[in-house]
1. Given the criteria touching a strand residue (DSSP E or B) at 6+ places or on another chain (Cβ under 9 Å), polar (S, T, N, Q), within 30 Å of Arg173 (Cα to Cα) and at pLDDT below 95, does Gln45 qualify?
2. Using the structure shown, decide if Trp107 is more than 27 Å from Asn164 (Cβ to Cβ), in a strand (DSSP E or B) and touching a residue at least 40 places away in the same chain (Cβ under 8 Å).
3. Within segment 109-150, can you find the residues that are loosely packed, with under 14 Cβ neighbours inside 10 Å, more than 13 Å from Phe58 (Cβ to Cβ) and within 15 Å of the chain's Cα centre (by Cα)?
4. Can you find a residue in segment 77-93 that is of a type in the set (Gly, Ala, Ser) and farther than 19 Å from Glu159 by Cβ?
5. Between residues in segment 129-147 that are free of Cβ contacts under 8 Å to residues at least 12 places away in the same chain and residues that are surrounded by fewer than 16 Cβ atoms within 10 Å (Cβ to Cβ), which pairs lie under 7 Å by C-beta distance while being six or more apart or on different chains?
6. Hey, can you tell me all the residues within segment 60-100 that are buried (at least 16 other Cβ atoms within 10 Å of the Cβ), in contact (Cβ under 8 Å) with a residue 60 or more places away in the chain and among the charged types (D, E, K, R)?
7. Out of everything in segment 63-83 that is among the charged types (D, E, K, R) and not in a strand (DSSP E or B), what residue ends up being modelled with the highest pLDDT?
8. Would you confirm, using the coordinates I've provided, whether Ala162 is of a type in the set (Gly, Ala, Ser), outside any loop (DSSP other than H, G, I, E, B) and either farther than 24 Å from Gln36 by Cα or at pLDDT 95 or above (or both)?
Amino acid sequence: MINYIRKYKILFFLIGIIIVSVGCLYPSVKMVTVLQILDPTKDDQLLYQVRIEPGNSFSIHWKHSVTKQPVIETYYLQPELTIGIQEMFFNEHGPNLPAGPEGGTKWEIKDGMFRVYNYDVSFKKLPVRIGREVADHTFYYDHHEVPLRELASPGGFVEIEATNISLLKYYMRREVR
């Protein structure tokens, strides 16, 4: 047995080198999908990112500046990494909120809430204006809750986009916030 190991020592060494090399290279070539919150006023500076899969949903919760009532906008990641509007909930009409069905959208009223859905709208980059005082825009995904005022100045705006990056790059930039 010892002669066998001595005889093939170089072969075992080379196999070990290959295994270690593959283990080191894998994270740099393995791609993952991430949702990124960017600051377009600072050359798309990365403010926050989280892993996501196509078909998964996230939402932006905010308070309407005129009605002072909550609004929930839910989006989903499409297979081509664009962001589609899934639905919107609110309980009182106000400026810049839908006033009725349009463009194929459907409406439901349940438990005092308007639900608007069946949108045919998608974004490569979803623009989100951050309210100055009242709105308190907050990003929700999975177990993540991110007040956008902590990422960018109130009154400013951010863009949310999905992209594929290497696993290594994701881990290097994971704790951006």
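The values are calculated or read from the model by the stated rules, or taken from the named source; none is laboratory data. Because the structure is predicted, anything quoted here is derived from the model rather than measured. Glycine gets a Cβ as well: all are built from the backbone with ideal geometry, and neighbour counts include every protein chain shown.
1. On the way: touching a strand residue (DSSP E or B) at 6+ places or on another chain (Cβ under 9 Å): yes; polar (S, T, N, Q): yes; within 30 Å of Arg173 (Cα to Cα): yes; at pLDDT below 95: yes.
Against the criterion (touching a strand residue (DSSP E or B) at 6+ places or on another chain (Cβ under 9 Å), polar (S, T, N, Q), within 30 Å of Arg173 (Cα to Cα) and at pLDDT below 95), Gln45 qualifies.
2. Working: more than 27 Å from Asn164 (Cβ to Cβ): yes; in a strand (DSSP E or B): yes; touching a residue at least 40 places away in the same chain (Cβ under 8 Å): no.
It is false that Trp107 is more than 27 Å from Asn164 (Cβ to Cβ), in a strand (DSSP E or B) and touching a residue at least 40 places away in the same chain (Cβ under 8 Å).
3. The answer is Lys124, Pro127, Pro147.
4. Of segment 77-93, the ones of a type in the set (Gly, Ala, Ser) are 84.
Checking the rest, the ones that are also farther than 19 Å from Glu159 by Cβ come to none.
Looking through segment 77-93, none of the residues is of a type in the set (Gly, Ala, Ser) and farther than 19 Å from Glu159 by Cβ.
5. Pro147/Asp136
6. Passing the criteria: only Lys63.
7. First pass over segment 63-83, keeping only residues among the charged types (D, E, K, R): 63, 68, 73, 80.
Filter once more, so that each one left must be not in a strand (DSSP E or B): 68, 80.
Details: Lys68: 86, Glu80: 96.
The residue in question is Glu80.
8. Numbers: of a type in the set (Gly, Ala, Ser): yes; outside any loop (DSSP other than H, G, I, E, B): yes; either farther than 24 Å from Gln36 by Cα or at pLDDT 95 or above (or both): yes.
Yes.
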